[in-house]
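Asks: Dumping the structure here so I can ask a few things about it.
The values are calculated or read from the model by the stated rules, or taken from the named source; none is laboratory data. All of these numbers come straight from a predicted model, not from anything done at the bench. Using ideal geometry, Cβ is built from the backbone for each residue, glycine included, and neighbour counts are taken over all protein chains shown. Calculation scope for accessible area: heavy atoms of the full protein, side chains included, ligands and nucleic acids excluded. Shrake-Rupley method; radii C 1.70, N 1.55, O 1.52, S 1.80 Å.
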Amino acid sequence: MHIIDLSHKIENGMPVFPGTPEVKIEQLYSVEKDGFAEKALGLVTHVGTHMDAPAHMIGGGKTLDDYPISKFSGKACLIPFSWEDIDEQAQDEYLSEFESIIRDCDFVILNTGWSEKWGSPAYFKKYPALDIKGAEYLSGFRLGGIGIDAISIDQEENTKYEVHHEVLGNDIVIIENLCHLDTIRSQIFRFSAFPLFISDADGSPVRAIAEY
């Protein structure tokens, strides 16, 4: 059994979506001074490797704590999704080449290779992401979630977040900022991404893993 960690570490100075407050981790108490160690965490719900609930974009939408824990683990397929993979082909046509395996999975994980740029300004620009046709195609399956190793499932220029609305509106959660997808040596695997059990959670950091 192989277990691959697909999560970025949460730490001070880590990349955050432009305009988002920086992560702040403060050492409140230490073993040397106080006899015990304890930190204070200051972060938004969509920092690092994280999950979006429908409530992130849809008024009155489900929050992560509305779902049973089983929502966050299941059979996944890894689909190559760099700009070179898609080339000039329409996204729905490209994704249809994987229909037989998507149909049998709970999660689709898009491997763009973009996580290699994590920590650089380039990470936030011209990244591979779904367009509305690709989103509509995937939303036609009974998926639990769609994951990607980039900052957003929406393309940079899509400021209306149409892909988020399409996917989340079909009760499919979104997992963004995954990493280490290139180290998964099986197209089919078990994917798990468990959010913190936060009340009315529009999103949450997750510890995402692949098992095969």
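Asks: Does the stretch 165-173 contain at least one residue that is at pLDDT 95 or above, over 25 Å from ALA55 (Cβ atoms) and polar (S, T, N, Q)?
Replies: No.
Asks: Would you be able to say whether some residue in the stretch 181-192 is farther than 13 Å from LEU78 by Cα and in contact with a strand residue (DSSP E or B) (Cβ under 6 Å, 6 or more places away or on another chain)?
Replies: Among the residues of the stretch 181-192, at least one is farther than 13 Å from LEU78 by Cα and in contact with a strand residue (DSSP E or B) (Cβ under 6 Å, 6 or more places away or on another chain), which makes the answer yes.
Asks: Give the stretch 153-212 a look and list any residue that's over 17 Å from the mean Cα position of the chain (by Cα) and at positive phi, or say none.
Replies: Matches in the stretch 153-212: ASP200 only.
Asks: Of all residues in the stretch 77-127 being under 30 Å from ASN12 (Cβ atoms) and in a helix (DSSP H, G or I), which is least open to solvent (accessible area, probe 1.4 Å)?
Replies: Here the answer is TYR123.
Okay, residues lined up against (1) assigned to a loop (DSSP other than H, G, I, E, B); (2) over 21 Å from LEU196 (Cα atoms); (3) among the basic types (Lys, Arg); (4) out of contact with any helix residue (DSSP H, G or I) (no Cβ under 6 Å at 6 or more places or on another chain):
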residue: GLY13; (1), (2), (3), (4): yes, yes, no, yes
residue: PHE17; (1), (2), (3), (4): yes, no, no, yes
residue: GLU22; (1), (2), (3), (4): yes, no, no, yes
residue: ILE25; (1), (2), (3), (4): no, no, no, yes
residue: GLU32; (1), (2), (3), (4): no, yes, no, yes
residue: ALA40; (1), (2), (3), (4): no, no, no, yes
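Asks: For the stretch 1-24, enumerate the residues that are modelled with pLDDT of 95 or more, open to solvent by 40 Å² or more (accessible area, probe 1.4 Å) and either at positive phi or of a type in the set (A, V, I, L, M, F, W, C) (or both).
Replies: The answer is ILE3, ILE10, GLY13.
Asks: Restricting to the stretch 56-76, give me the number of residues that are surrounded by 14 or more Cβ atoms within 10 Å (Cβ to Cβ) and under 15 Å from PHE107 (Cα atoms).
Replies: 6
Asks: Let me ask you something else. Quick test for you: out of PHE189, PHE197, pick the one residue that is closer than 15 Å to ASN111 by Cα and among the aromatic types (Phe, Trp, Tyr).
Replies: After ruling out the rest, the residue left standing is PHE189.
Asks: Counting only residues that are among the hydrophobic types (A, V, I, L, M, F, W, C) and in a helix (DSSP H, G or I), which one in the stretch 42-68 is nearest to PRO195 (Cα to Cα)? Write out each step before concluding.
Replies: Going residue by residue through the stretch 42-68, those that are among the hydrophobic types (A, V, I, L, M, F, W, C) are 43-44, 47, 51, 53, 55, 57-58, 64.
Checking which are in a helix (DSSP H, G or I) leaves us with 55, 64.
Working: ALA55: 14, LEU64: 8 Å.
Among those that are among the hydrophobic types (A, V, I, L, M, F, W, C) and in a helix (DSSP H, G or I), it is LEU64.
Asks: Which residue pairs have Cβ atoms closer than 8 Å, lie 6 or more positions apart in sequence or on different chains, and pair a first residue in the stretch 144-167 that is free of Cβ contacts under 8 Å to residues at least 60 places away in the same chain with a second residue that is open to solvent by 70 Å² or more (accessible area, probe 1.4 Å)?
Replies: ASP154/TYR161; ASP154/GLU162; GLU156/LYS125; GLU156/LYS126; GLU166/GLU136
Asks: Could I ask something else about it? Within the stretch 171-212, work out how many residues are open to solvent by less than 60 Å² (accessible area, probe 1.4 Å) and among the charged types (D, E, K, R).
Replies: The total comes to 4.
Asks: Based on this model, can you work out whether HIS46 counts as in contact with a Cys (Cβ under 7 Å, 6 or more places away or on another chain), touching a residue at least 60 places away in the same chain (Cβ under 8 Å), under 30 Å from PHE189 (Cα atoms) and not aromatic (Phe, Trp, Tyr)?
Replies: Answer is no for this residue.
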